[in-house]
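A.B. asks: Okay, here's the structure, questions in a sec.
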Amino acid sequence: MPGRVYRKLHPEITLTEEERMQLERIRQSRSESVRHVQRASILLLCADGQNKAAIARDLGMSLVAVNGTIRRARKVGVLQALDDLPRSGHPEVITPEAKAWLISLACQKPTALGYPHEVWTYSLLAQHVRAHCEEAGHPSLARLAKGTISKILRAQDIHPHRIEYYLEKRDPEFDAKMAEVLAVYQEVEILREAGDPQAPLKAILSYDEKPGIQAIANTAPDRLPKPGVGGTLQRDHEYVRLGTLSVLSGIDLVTGHVHHSLCERHRSAEFIEFLKVVDAYYPPGVEIHIILDNHSAHTSKQTRSYLESVPGRFTFVFTPKHGSWLNIIESFFAQMSRTVLRHIRVNSKEELRERIEQYLDELNKHPVPFRWRYGLQMVRE
């Protein structure tokens, strides 16, 4: 059977020179949408007298799409036909006032409306809205679905079923205390540049406690890696807790020396013992400044009594509340957790003590001062 022959017909649309140039540009463009390129091609072929069926075949489109584009061009114009005609659609069912009421509900806690729930679920919110929309004057919400609630609230970036945590700035003197700590760090930089760290007139320490380091023992021996068998250390899931230790530590920010004390508790008595260790380390006459937090052991009656017994020896610089990140010692503890304490297994609490002390003693053989950079420019200015 011979193939079908398509004859060129009298064109259903005619193009001005300007319209043809614009359609050609769109058809050859790589940045125009596919829809615009296809419709421009349809109109150009139609204007050249091409049969609609042939246009559909050549462009790989349906005859309905070709007919729609040509009909639209004859109705509203060639260039306007590249876009869809506006549609009447269904009128908006939910009024703006109803949406505002829904959003106001989502911005309240369910407990304020008599529910035991702490946060909304879409089901609970839909249930409440459907039950109270009539009396609130919003009957358009009588058949409200969870999906519609989600869509309305997402448009306003409201997610009442989620909780994000923040940190309340409760210390009214936060900025002043932070500036004081940063000023101490600035002084450290000056001491490093100017003085002899072997004969200091002032020592500046960053201090904190790391409590609750667990002594954990295996119940079965570890299996070491073996070439060709397994490349990781294998460990039984079960373990035994043997107790905990606390590390009280202070880094000399000029020399890098780590003062430390390991104990089972960290009360005022243990803190005072640490201060005595530090006092014995530095020559008489050296002022010892310590950056530390507001733990009760640091300000207790016993601690104050000890400080009065060594007048002028110690000066405490307190970080603001929730400002522990300002204390360099936190970086040191993080490093110790990553390198020594991670995955550690011991046979006794005494072994844990020995391994931590060995680590700290090795650090003191080649001390590396920790340095604080953030915010120092503000202090200089």
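The values are calculated or read from the model by the stated rules, or taken from the named source; none is laboratory data. Since we're looking at a predicted model, the values are computed, not measured. Here the Cβ is made from the backbone with ideal geometry for all residues, glycine too, and neighbour counts use every protein chain on show.
A.B. asks: How many residues, within segment 104-114, are assigned to a helix (DSSP H, G or I) and within 21 Å of Glu164 (Cα to Cα)?
C.D. replies: Residues flagged as assigned to a helix (DSSP H, G or I) and within 21 Å of Glu164 (Cα to Cα) within segment 104-114 amount to 6.
A.B. asks: Determine which single condition Pro110 fails, assuming it passes every other condition in (1) under 17 Å from Ile158 (Cβ atoms); (2) at pLDDT below 90.
C.D. replies: If we test Pro110 against (1) under 17 Å from Ile158 (Cβ atoms); (2) at pLDDT below 90, just (2) comes out false.
A.B. asks: Any residue at all in segment 219-227 that's exposed (fewer than 11 other Cβ atoms within 10 Å of the Cβ) and at pLDDT 90 or above?
C.D. replies: Looking through segment 219-227, at least one residue is exposed (fewer than 11 other Cβ atoms within 10 Å of the Cβ) and at pLDDT 90 or above.
A.B. asks: Still on this model: Can you tell me which residues in segment 134-145 are under 21 Å from Ala112 (Cβ atoms) and under 38 Å from the mean Cα position of the chain (by Cα)?
C.D. replies: The answer is Leu141, Leu144.
A.B. asks: Here's another thing I want to ask about it. Restricting to segment 346-357, name every residue that is surrounded by fewer than 15 Cβ atoms within 10 Å (Cβ to Cβ) and touching a residue at least 40 places away in the same chain (Cβ under 8 Å).
C.D. replies: Asn347, Ser348, Glu357
A.B. asks: Could you pull out the residue among Asp171, Asp175, Asp208 that is closer than 29 Å to Trp325 by Cβ, surrounded by 14 or more Cβ atoms within 10 Å (Cβ to Cβ) and at pLDDT below 85?
C.D. replies: Answer to the check: Asp171.
A.B. asks: Out of the residues in segment 358-373 that are under 26 Å from the mean Cα position of the chain (by Cα) and among the basic types (Lys, Arg), which is surrounded by the fewest Cβ atoms within 10 Å (Cβ to Cβ)?
C.D. replies: Arg373
A.B. asks: In this structure, does Ser246 turn out to be within 14 Å of Leu352 (Cβ to Cβ) and among the polar types (S, T, N, Q)?
C.D. replies: Yes, satisfied.
A.B. asks: Does Val184 count as at pLDDT 90 or above, surrounded by 15 or more Cβ atoms within 10 Å (Cβ to Cβ) and more than 30 Å from His289 (Cα to Cα)?
C.D. replies: For Val184, the condition - at pLDDT 90 or above, surrounded by 15 or more Cβ atoms within 10 Å (Cβ to Cβ) and more than 30 Å from His289 (Cα to Cα) - is not met.
Listed here are the residues, each with its yes/no results for (1) aliphatic (A, V, I, L, M); (2) crowded, with 17+ Cβ neighbours inside 10 Å; (3) touching a Phe, Trp or Tyr at 6+ places or on another chain (Cβ under 6 Å); (4) under 28 Å from Phe174 (Cβ atoms).
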site	(1), (2), (3), (4)
Pro283	no, no, no, no
Ile288	yes, yes, yes, yes
Ser296	no, no, no, yes
Ser305	no, no, no, no
Thr315	no, no, no, yes
Ile344	yes, no, no, no
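A.B. asks: I've got another one for you. Test each condition in (1) modelled with pLDDT under 90; (2) surrounded by 14 or more Cβ atoms within 10 Å (Cβ to Cβ); (3) of a type in the set (Gly, Ala, Ser) for Ala194 and report the one that comes out false.
C.D. replies: Evaluating Ala194 over (1) modelled with pLDDT under 90; (2) surrounded by 14 or more Cβ atoms within 10 Å (Cβ to Cβ); (3) of a type in the set (Gly, Ala, Ser) leaves (2) as the failure.
A.B. asks: If you take the residues in segment 317-335 that are in contact with a Phe, Trp or Tyr (Cβ under 9 Å, 6 or more places away or on another chain) and aliphatic (A, V, I, L, M), which one is farthest from Phe174 (Cα to Cα)?
C.D. replies: Ile329
A.B. asks: Residues that are outside any helix (DSSP H, G or I) and either touching a His at 6+ places or on another chain (Cβ under 8 Å) or of a type in the set (D, E, K, R) (or both): does segment 60-72 have at least one?
C.D. replies: No, every residue in segment 60-72 fails to be outside any helix (DSSP H, G or I) and either touching a His at 6+ places or on another chain (Cβ under 8 Å) or of a type in the set (D, E, K, R) (or both).
A.B. asks: Please work out which one of (1) within 19 Å of His259 (Cα to Cα); (2) of a type in the set (Ser, Thr, Tyr); (3) in contact with a strand residue (DSSP E or B) (Cβ under 9 Å, 6 or more places away or on another chain) is the condition Thr299 fails and give its number.
C.D. replies: Result: Thr299 fails condition (1) only.
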